[in-house]
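Structure, as structure tokens:
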Amino acid sequence: MDHSHYYHAADLARFAEVGKGAPELWEKFRAWYDAVFAEGALTAREKALVALAVSHTVQCPYCIDAYTTACLEQGSNEEQMTEAVHVAAAIRGGSSLVHAVQMRNHLERLGM
Amino acid sequence: MRVLPTLQKQRHPLAGGAAQRRRLAELPLARSFEEALEGAGLFPLVAKGIEVLQVNVGRKCNQTCRHCHVDAGPDRTEMMPPDVVEACLHVLAATAIPTLDITGGAPELHPEFRYLVERATTLGRRVIDRCNLTVTRLLNYRWIPRFLAEHRVEVTASLPYYQGHQTDAQRGEGVFDESIAALRELNALGYGRPGSGLVLNLVTNPVGAFLPPDQRAAERDWKRELERRHGIVFDRLFTITNMPISRFLEHLDEKGQAEAYLARLQQAFNPAAASGVMCRTTISVAWDGTLHDCDFNQMLELPLGEGLPRNIREFDPARLGRRSIVLGPHCFGCTAGAGSSCGGAVA
């Protein structure tokens, strides 16, 4: 096993091994996770697109691989998936930018 | 339209069925297909009669799609000889098999395609033509749409996506525009229009190494988008999983995805889909008259089980209708997710 890098694509398939440390918590996580992604008020396709966008925000390569596949298998296309990632990126960019109001508040306090 | 040399023409190592079977056997699987069936209480998998005679009239095609399990293309020369066509018609006449499903290659390129259709419809059978659409745009084949309409042939046409670049990526540059023109012509003849009785179904295979989407949801999208973008209507959309054999296997190997794709199919094994697989109600006839459990087994050169009639001339509906199906790792392609058949999802 190569441990010279932090992320290995093959490790995604080993996700369930995490359950060995705390089986009951793993089972609860699995049940909750499956319920979250089941068809509900949002379709499975919409949920996969949300998950893809969030995967980019949390910058998880496992999640990006998994939800790129999931989006395709739910019938989304490259255009829709790229737009979803832009939504995530826009929120991420906007969340930095909105802090400029804090900067401006402090500028105001310090300035004349 | 852009076409490529077939694997056979390239003398590619994966050109033959035996080589493909060897490559599939090399790919590691958590459990075999037989074990998966056993776990679902479905082993051995046994036929439930014969509802469809699927006749592959030849491997010649005007396209060279990336996912083609037949390795069909313009350079293929295998064509069903007249005596085998007669033997197929004899079986139809002598049995109560209700449906003749004609496939290829592009079946319309067979010189006796019209004869086969005319005779089968005279026998009162439902006839399905698996049409690649663009064949109807070839100069010497402009007769196809009207001929199909006149004989009330059900058209099952391939179109992987409602947008051009995905379709062309799988089927060759220029295929999408020609396919849309062909669909417009079929619509103008009444195909896909409510009340016409002329059935136009579309088939979509994923443009890549992933499972097809939910058939009903995809059908809603396709109906909306094809009508909005191109004014095209159709009856049903069939989602079909890409089978990891022939050109798609070669594509997977080229991308280093063969192992991951087969694992994905195996992981998505669905007992309900396994119970409804099409081989349980279909028999497949090759261009040379040999019988197979399905078109995929035909391409892998997997004959019917030991002791069964193996040629159309020896057809025995009673024995063939309760035969044990010959299985392999590729069968996971028909049992993944909602399942896959020539009529789309099965579960």
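The numbers here are math on the coordinates, done by the rules we state, and not lab data. For clarity, every value in this text was computed on a predicted model and none was experimentally measured. Don't worry about glycine lacking a Cβ; one is built from the backbone with ideal geometry, like all the others, and counts go over all protein chains shown.
The C-alpha radius of gyration of the range B:3-78, expressed as a fraction of 2.2 N^0.38 Å, stands at 1.47. So which helices of chain B fit the span-like rule, where a helix is a whole DSSP H run, its Cα atoms reach 15 Å or more along the axis, and its mean Kyte-Doolittle is at least -1.0? Qualifying helices, which must be both long enough and hydrophobic enough, are B:82-94, B:175-188.
Here the range B:260-313 and the range B:93-136 have alpha carbon centers that stand 20 Å from each other. For chain B, the relative contact order comes to 24 percent (Cα pairs under 8 Å, sequence separation of at least 6). Take the Cα of B:GLU86, step 7 Å toward its Cβ, do the same at B:GLU118, and the gap between the two points is 1.7 nm. About the Cα centre of the range B:226-283, what is the dipole size in debye to 20, counting +1 per Lys and Arg Cβ and -1 per Asp and Glu Cβ, all else neutral? So the magnitude is around 240 debye.
Would you work out if the range A:19-70 is rounded, prolate or oblate? Take a ≥ b ≥ c from the square roots of the eigenvalues of the alpha-carbon gyration tensor; rounded if a/c is under 1.5, else prolate when a/b is larger than b/c, oblate otherwise. The shape class here is oblate.
I need the GluC sites (Glu not before Pro) found in the range A:1-73, filtered to DSSP loop residues with at most 15 other beta carbons within 10 Å of theirs. Counting only loop positions with at most 15 other Cβ atoms within 10 Å, the GluC sites (Glu not before Pro) in the range A:1-73 are A:GLU39.
Output needed: Cys residues of chain A lacking any neighbouring Cys C-beta below 4.7 Å, sorted by number. If one checks each Cβ against the other cysteines of chain A, A:CYS71 turn up with nothing under 4.7 Å. In order along the range B:200-211, phi translates into HN-Hα couplings of 10, 10, 10, 10, 10, 10, x, 8, x, 8, 8, 6 Hz, rounded to whole numbers, per the Karplus curve 6.51 cos²θ - 1.76 cosθ + 1.60 with θ = phi - 60° and x for Gly and Pro. Partners of B:LYS48 within straight-line reach, counting lysines whose Cα lies under 30 Å from its Cα and excluding those fewer than 8 residues away in the same chain: none found. If you bin all the Cα-Cα distances of the range A:16-110 at 5 Å, starting from zero, the percentages per bin are 3, 12, 16, 16, 15, 12, 9, 7, 5, 4, 2. If a/c stays under 1.5 just call it rounded; otherwise compare a/b with b/c (prolate if a/b is bigger, oblate if not). Do that for the protein assembly as shown, with a ≥ b ≥ c from the square roots of the Cα gyration tensor eigenvalues. Verdict is prolate for the protein assembly as shown.
Counting Lys and Arg as +1 and Asp and Glu as -1 over every other residue whose Cβ lies under 14 Å from the Cβ of A:TRP26, the net charge comes to 0.
Placing a label point 7 Å from the Cα of B:GLU301 along the Cα-to-Cβ direction, the residues of the range B:20-41 whose backbone N falls under 17 Å from that point are B:20-26. With N as its number of residues, the range B:7-335 has a Cα radius of gyration that, divided by 2.2 N^0.38 Å, comes to 0.96. Taking a straight line from the alpha carbon of B:LYS9, these lysines sit under 26 Å away, with near neighbours fewer than eight places off in the same chain left out: B:LYS60, B:LYS255.
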